[in-house]
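Shown next, in structure tokens, is the structure this report addresses.
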Amino acid sequence: MIKIMFVCHGNICRSPMAEFYMKYIVEKSGLENEIFVASSATSFEEIGNDIHYGTKHILDEHNIPYSSRKAVRFHDGDYDDYDLILLMDKNNIRNMENIVPYDYDEKIKLLLSFVGENTSIADPWYTGEFETTYKDIKRGCDALLKHLKEKML
């Protein structure tokens, strides 16, 4: 089983959006027994809080199922438990280096690297642009699933 962890700053906007979108497309592909998906934060600020209402609204608009959850922080043991650790932006890289100082297995990547971009996904907490964030996450996750399918064959 391939285990994927999506990570953003607070684990209430981007990473749960990616988590639930990825779970949705994985299930549609019939790969839910092959790919496990979770999400977490690099900060402590939102720990215990549910998904941001803006993320819930976007997921509802696109008919992406989700469940109530509590934000959790990435911890160093997660590094060994997951095959891919996908960050939403370059600030998350700096924050991640405080948790996991060395990426020995080259697991830590920006999500948009799967579409050939070394760019960040804007944080809708600040921009209010949840639809723009969704479009970037969709592009990244769709490319990631394609990559994983090719690897599995």
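Pairs are defined by a Cβ separation below 6 Å, a sequence spacing of at least 6 or placement on different chains, a first member in region 115-132 that is within 14 Å of ILE12 (Cα to Cα), and a second member that is aromatic (Phe, Trp, Tyr); the pairs so defined are PRO124/PHE130. Scanning region 123-147 for residues that are surrounded by 15 or more Cβ atoms within 10 Å (Cβ to Cβ), of a type outside the set (Asp, Glu) and modelled with pLDDT of 95 or more returns PRO124, PHE130, THR133, TYR134, ILE137, LYS138, ARG139, GLY140, CYS141, ALA143, LEU144, LEU145. State whether the residues of region 13-21 include one that is outside any helix (DSSP H, G or I), within 22 Å of TRP125 (Cβ to Cβ) and touching a Ser or Thr at 6+ places or on another chain (Cβ under 7 Å). Scanning region 13-21 turns up at least one residue that is outside any helix (DSSP H, G or I), within 22 Å of TRP125 (Cβ to Cβ) and touching a Ser or Thr at 6+ places or on another chain (Cβ under 7 Å).
Where residues in region 119-148 are out of contact with any Pro (no Cβ under 7 Å at 6 or more places or on another chain) and aromatic (Phe, Trp, Tyr), which of them is nearest to MET17 (Cα to Cα)? Residue satisfying both the conditions and the ranking: TYR134.
Scanning region 55-79 for residues that are within 16 Å of HIS9 (Cβ to Cβ), crowded, with 17+ Cβ neighbours inside 10 Å and either aromatic (Phe, Trp, Tyr) or without any contact (Cβ under 8 Å) to a residue 60 or more places away in the chain (or both) turns up just one, PHE74. A Cβ distance below 6 Å, combined with a sequence gap of six or more or placement on separate chains, defines the contacts here; from region 89-100, residues that are more than 16 Å from GLU117 (Cβ to Cβ) reach residues that are exposed (fewer than 14 other Cβ atoms within 10 Å of the Cβ) in the pairs ILE99/ASP76; VAL100/ASP76.
The values are calculated or read from the model by the stated rules, or taken from the named source; none is laboratory data. A quick note: this is a predicted structure, and the numbers were derived from the prediction, not measured. Neighbour counts are summed over all protein chains in view; Cβ atoms, including those assigned to glycine, are modelled from backbone coordinates with ideal geometry.
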